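The block underneath contains the structure these notes are about, expressed in structure tokens.
The values are calculated or read from the model by the stated rules, or taken from the named source; none is laboratory data. Keep in mind that what you see is a predicted model, and the values were worked out from it rather than measured. Accessible surface is based on the protein model in full, side chains and every heavy atom, while ligands, DNA and RNA are left aside. Shrake-Rupley method; radii C 1.70, N 1.55, O 1.52, S 1.80 Å.
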Amino acid sequence: MASYTSSAGAEFAGRALVINGADGTTFRAITSTIANDNFGVDALGIGGADGDGFTDFVVTAVGQAFAGTGPGVVYVVKGTELP
């Protein structure tokens, strides 16, 4: 799950969460600290991209791309064993 308007790390920096579908608890949270980064416009599982057996995912940060003044970024986040 992602919230690109979250201001938890900085104004409109954004954040992405890995949520337990069974009980709603948060397994993992990644919070941007760059104001107006809009980290978390998209968050998608991409399977095991690095072959370690854990599901990896991508998270986008469009930042200034909304205004047309800069590029966006796609982050590949390494999956890990969950508790």
### Task
Work out from phi, with θ = phi - 60° and the Karplus expression 6.51 cos²θ - 1.76 cosθ + 1.60, the ³J(HN,Hα) of each residue of region 9-22, listed in order in whole Hz, and give x for Gly and Pro.
x, 5, 4, 6, 6, x, 7, 10, 10, 9, 10, 6, x, 7
### Message
At 1.4 Å probe size, with the rest of the protein present, what percent of the exposed accessible area of the chain is carbon and sulfur atoms?
### Response
56 percent
### Sequence-separation-based contact order of the chain, relative, with Cα cut under 8 Å and 6+ spacing, percent
22 percent
### Message
Given a 1.4 angstrom probe, what's the average accessible area per residue across the chain, in square angstrom?
### Response
59 Å²
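Starting from the coordinates of the alpha-carbon atoms of the chain, obtain the Kirkwood hydrodynamic radius over all distinct pairs and give the value in Å to one decimal.
Mean inverse Cα-Cα distance, inverted, gives 13.1 Å.
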### Task
Amide H neighbours of D37 under 5 Å, at least 5 residues apart or on other chains, H built in the peptide plane: list them.
A13
